[in-house]
Each structure stands twice: as C-alpha cells, then as structure tokens.
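Beneath this line is the structure, given in structure tokens, with notes to follow.
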C-alpha cells in the first residue's frame, strides 16, 4: 500500500462511522470470474466505469477508495446504516448489470467494515434482504425525525425576526444562564435570558422601549424567547434533563386569554425538557394592581412549578412592592446593575433584597459580577443567583 493510499484510508477509519455501519466494501469478484482471461486487459476499463458510477451516485454526500484490484471502500456519512448498505447494493447491481447483463451475484459481494488497523480490515457480509427491508423502516424514522426538527425550527422562527410597531426590524436572542441556590450553591437549572436586537446593527432594544411596543409585538417576543430557549436547551444539553427552567413571560400576555393559551402551550412543551417543571417569571409587573396580578398568578400557577415576579425598578421599591403584597407570588427576581463597585453593590443588594424579602421569602439576584458577589448577595438574604458571563 502506498503512503498516499494510507493517508486516504484515514478518513474511513473513524470509530463512529465504523460502529454505525456507514463504511462498506463492494467487491468485483463476479466480474473477474465472468471475464476470466480477459480480466487483465479490461481491468482498467472496469475500474474507470466503477469510479464514474460511484462519483455519479455519491456526489458530495460520500466518498470512496479503491483498495485492491477488486474492492472499493465506500463511506456515506449522511445515510443511516441500512440506507447506506442498500445504496451500495444498488451501485453494485448497476455495475454488474453493465458488465454481465445480470446482477444477482451483487447480494453476496457487499460487506460492512467493522474494524480497520492500518491496511488490515475486518468485514462481515451484508444480508441483502434484511438490509432492504430495514431501509424502509430507517428512512421512515429519519423522515419523521427530520419533520420534527423542521417543525421545531419553524416554531422557533415563526415569531422572529419581525417589524415592530415602532418601524424597526427586530429579532429575539435567548441564552441559557445557570441559576444557583445559594445555601448549598447547587444549580437549580437555567433561566432564559432574553435580548431584543435591531436587525442589521445588533443594537439592543432597552427593556423600557420593549415595554412601549404593541401588545402583539410583546407577544411575539415572549413566544420567540421561549421557543429559542427550548431549542438551545435541546441542542446544548442533548440527553441531559436539568432540574428546572425559568421562563420569562410578560404580564400583558397573561392578562389576555388568547395570548395566555399560546404561552401555556409552550410552557407545557418546556416542562417536558426538565425534571421538575418550569418556573414562570412574570415580567413588567410594576404598576399592576394587586387584583390583576393575583388573577394572572392564579391562571398560570397550574402550569408552573413556582411563579416569580421580575422587578426592573431600582430602589426605593416601596410603592411597587406594596401592590405585590398578597398577589400570590412565591419569589421576586431582579438583575444586578453593571459596573458597580463592591460598596455600591453591597448598598444596592441590601436595599433591594431587604425590600423584596418583605413580600416573598425567596429572592433571585441575576448576573452578579462574580461568584463572590453571588455569595455576598446570599449573606444579605438572597436565596438564588446567577453570575454574569
């Protein structure tokens, strides 16, 4: 074996591809037997036809290498085990029919490579009938999975980007931020941290400006946030279910029956992605009358592990918090201002947390500048925190 061929073999010697049955060998033994003494003089012609046939079928979706006078190694990473092996059978049947007028012997000449060690390979014969029967099943399953993925993508992109009521085209970005319980500093899950950005410049739309958008715009932002957060959770944490997920929802959407139904549908979907359920975080609660807040909390509670109220007002909070007392909230949350000195952070934390603790036992402080800051917030009464990236 030449050095060049040795390096080419490396792309086939991938444990994942081998374990998944995506590397196979087709053999030309039947053509050699049929040509007999003419094999030597027609060998180059046969190889040329086989290579052109494989190039035609594989295109950019696979690759091949002739490893002997009669054997061609084929890898099709985009196809499943049975679809790829059935395709190899079809390629070989076409080749044999061209040279022999029939293709019956192809069923005995396709092998799955199970191990490669340098130039040595181990392979086992493919059961043609078994493979072709399971190809149908595999393709149906892959089609179903692709359809589900397309539906998720469609769901994620249905609401963002869009042209807002102020004339700007905006899109919603959502990251997952770990949230920790401060007593034992154990992670309770993630919060969906939302940003609304202007398309083209990526300028962030401030929360106050977002609140001034139309009801329809705010609903689009909420729905896009939840859909993108779920998509991020699926892709970043495949196979792992975290304890909980904090989902931000605007009060204005919970106060509208049609919007609330759309929110609840996504909350149910999000609940299936975590172990204990979702924590609904009601945003834009400043100025909401106690009765209206109590009604919103009561309506969303059946679909939530806990209901949290999100504060955006800086101290003094007395007038805001007076309206929230008795509104049924189980916790209050707020985001730590940026670029505070340690003394400023301690002053802000002390005033905010003390005020919030008069309403709820649990207080969540988001985006402290460091783990030390989170610890200090815990000493001042905060129960949960996240750290700014």
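What's the number of the condition residue 60 fails, among (1) surrounded by 16 or more Cβ atoms within 10 Å (Cβ to Cβ); (2) farther than 18 Å from residue 121 by Cα; (3) within 33 Å of the chain's Cα centre (by Cα)?
All conditions are met except number (1).
Does residue 200 fit the bill of being free of Cβ contacts under 8 Å to residues at least 40 places away in the same chain, out of contact with any strand residue (DSSP E or B) (no Cβ under 6 Å at 6 or more places or on another chain), assigned by TED's automatic domain parsing to the domain that holds residue 165 and on the phi > 0 side of the Ramachandran plot? Write out each step before concluding.
Values: free of Cβ contacts under 8 Å to residues at least 40 places away in the same chain: yes; out of contact with any strand residue (DSSP E or B) (no Cβ under 6 Å at 6 or more places or on another chain): yes; assigned by TED's automatic domain parsing to the domain that holds residue 165: yes; on the phi > 0 side of the Ramachandran plot: yes.
For residue 200, the condition - free of Cβ contacts under 8 Å to residues at least 40 places away in the same chain, out of contact with any strand residue (DSSP E or B) (no Cβ under 6 Å at 6 or more places or on another chain), assigned by TED's automatic domain parsing to the domain that holds residue 165 and on the phi > 0 side of the Ramachandran plot - is met.
For the range 354-377, enumerate the residues that are farther than 19 Å from residue 279 by Cβ and assigned to a helix (DSSP H, G or I).
354, 355, 371, 372, 373, 375, 376
Please go through (1) at pLDDT 90 or above; (2) at negative phi for residue 277 and return the number of the only condition it doesn't satisfy.
(2)
For the range 173-224, enumerate the residues that are surrounded by 15 or more Cβ atoms within 10 Å (Cβ to Cβ) and more than 26 Å from residue 363 (Cβ to Cβ).
Of everything in the range 173-224, those that are surrounded by 15 or more Cβ atoms within 10 Å (Cβ to Cβ) and more than 26 Å from residue 363 (Cβ to Cβ) turn out to be 173, 197, 198, 205, 213, 217, 219, 220, 223, 224.
Checking residue 372 against (1) under 18 Å from residue 185 (Cα atoms); (2) touching a strand residue (DSSP E or B) at 6+ places or on another chain (Cβ under 7 Å); (3) surrounded by fewer than 21 Cβ atoms within 10 Å (Cβ to Cβ): exactly one of these is not met. Which one?
Among (1) under 18 Å from residue 185 (Cα atoms); (2) touching a strand residue (DSSP E or B) at 6+ places or on another chain (Cβ under 7 Å); (3) surrounded by fewer than 21 Cβ atoms within 10 Å (Cβ to Cβ), residue 372 violates only (2).
Which is assigned by TED's automatic domain parsing to the domain that holds residue 371 and either part of a loop (DSSP other than H, G, I, E, B) or at pLDDT 80 or above (or both), of 133, 129, 187? First the steps, then the outcome.
On the way: 133 fails: assigned by TED's automatic domain parsing to the domain that holds residue 371; 129 fails: assigned by TED's automatic domain parsing to the domain that holds residue 371.
Sole residue among the options that is assigned by TED's automatic domain parsing to the domain that holds residue 371 and either part of a loop (DSSP other than H, G, I, E, B) or at pLDDT 80 or above (or both): 187.
Does the range 39-58 contain any residue that is closer than 26 Å to residue 19 by Cα, at pLDDT below 90 and out of contact with any strand residue (DSSP E or B) (no Cβ under 8 Å at 6 or more places or on another chain)?
Scanning the range 39-58, I find no residue that is closer than 26 Å to residue 19 by Cα, at pLDDT below 90 and out of contact with any strand residue (DSSP E or B) (no Cβ under 8 Å at 6 or more places or on another chain), so the answer is no.
Applying the selection to the range 190-232, what residues are more than 16 Å from residue 283 (Cα to Cα) and in a strand (DSSP E or B)?
Correct list: 190, 197, 198, 204.
If you scan the range 233-250, which residues turn out to be buried (at least 20 other Cβ atoms within 10 Å of the Cβ) and either part of a helix (DSSP H, G or I) or out of contact with any helix residue (DSSP H, G or I) (no Cβ under 7 Å at 6 or more places or on another chain) (or both)? Break it down into steps so the answer makes sense when it comes.
Filtering the range 233-250 for residues buried (at least 20 other Cβ atoms within 10 Å of the Cβ) gives 233, 244-250.
Residues satisfying the conditions are 233, 244, 246.
Looking only at the range 378-389, how many residues end up being in a helix (DSSP H, G or I) and surrounded by 19 or more Cβ atoms within 10 Å (Cβ to Cβ)? It would help to see each step written out before you state the result.
Pass one, the range 378-389, residues in a helix (DSSP H, G or I): 378-379.
Subsequent filtering for residues that are surrounded by 19 or more Cβ atoms within 10 Å (Cβ to Cβ) retains 378.
Counting residues in the range 378-389 that are in a helix (DSSP H, G or I) and surrounded by 19 or more Cβ atoms within 10 Å (Cβ to Cβ) gives 1.
Considering only residues that are touching a strand residue (DSSP E or B) at 6+ places or on another chain (Cβ under 7 Å) and in a helix (DSSP H, G or I), look in the range 277-299 and name the one that is surrounded by the most Cβ atoms within 10 Å (Cβ to Cβ).
Residues of the range 277-299 touching a strand residue (DSSP E or B) at 6+ places or on another chain (Cβ under 7 Å): 277-285, 296-297.
Still in the running and in a helix (DSSP H, G or I): 296-297.
Values: 296: 26, 297: 21.
Top of the filtered list is 296.
The values are calculated or read from the model by the stated rules, or taken from the named source; none is laboratory data. What you see is a predicted model, and the numbers here were worked out from it, not measured in a lab. Heads up, the Cβs are rebuilt from the backbone with ideal geometry, glycines too, and the neighbour counts pull from every protein chain shown.
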